[in-house]
């Protein structure tokens, strides 16, 4: 049976999303056929606004409504500490714990030679510049405990040690198992990792 072109196009669009296979793409498409038109239009409007109404914070590279983001603009945050994460999603997970009061820096990925992602593709230079500008006493490297995350942490640590001996560089400690992603960790696990960070 030949399916209508508009349905086929939407299935293809869903398949391009991470973690969505052909069967799931079909289920989502046919589910949306039963959603009231008003909800569909609201969904489409939200999709349409996603990139138009968000910006990258020029300071920490988090996704925000304004520049600087609300965290960087908050005068109560500890500006002497920067936590380095792979993705903006990790910031959301860490903020839920309420245990960290410093600033962040989102790299938007990790070093991965197999996918041609080197240090130049990440916001590492912007991090180094932030530490050079002064006032930063500690960098907490919170990349995921994977091969790529560890390689990224090691690279950043070397770069920072070459730039300034006054900045303490630490790594998240116990709590997050090797191979896990921070965004999927629960609040108490992330809290343990922050409190158990170690100098690298």
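Assorted remarks:
- Flag for residue 130 being touching a strand residue (DSSP E or B) at 6+ places or on another chain (Cβ under 9 Å) and at pLDDT below 90: no
- Helices (runs of 4 or more DSSP H) enclosed by the stretch 69-175 - at least 1 residues per element that are crowded, with 19+ Cβ neighbours inside 10 Å and over 16 Å from the mean Cα position of the chain (by Cα): 124-132, 147-163
- Qualifying residue in the stretch 13-26 (condition: within 30 Å of residue 101 (Cβ to Cβ) and not in a loop (DSSP other than H, G, I, E, B)): no
- Residue within the stretch 41-59 that is closer than 30 Å to residue 167 by Cα, surrounded by 11 or more Cβ atoms within 10 Å (Cβ to Cβ), under 20 Å from the mean Cα position of the chain (by Cα) and without any contact (Cβ under 8 Å) to a residue 12 or more places away in the chain present: yes
The values are calculated or read from the model by the stated rules, or taken from the named source; none is laboratory data. Bear in mind the structure is a predicted one, so any value in this text is a computation, not a measurement. In this analysis, Cβ positions are derived from the backbone assuming ideal geometry, glycine residues included, and neighbour counts consider all displayed protein chains.
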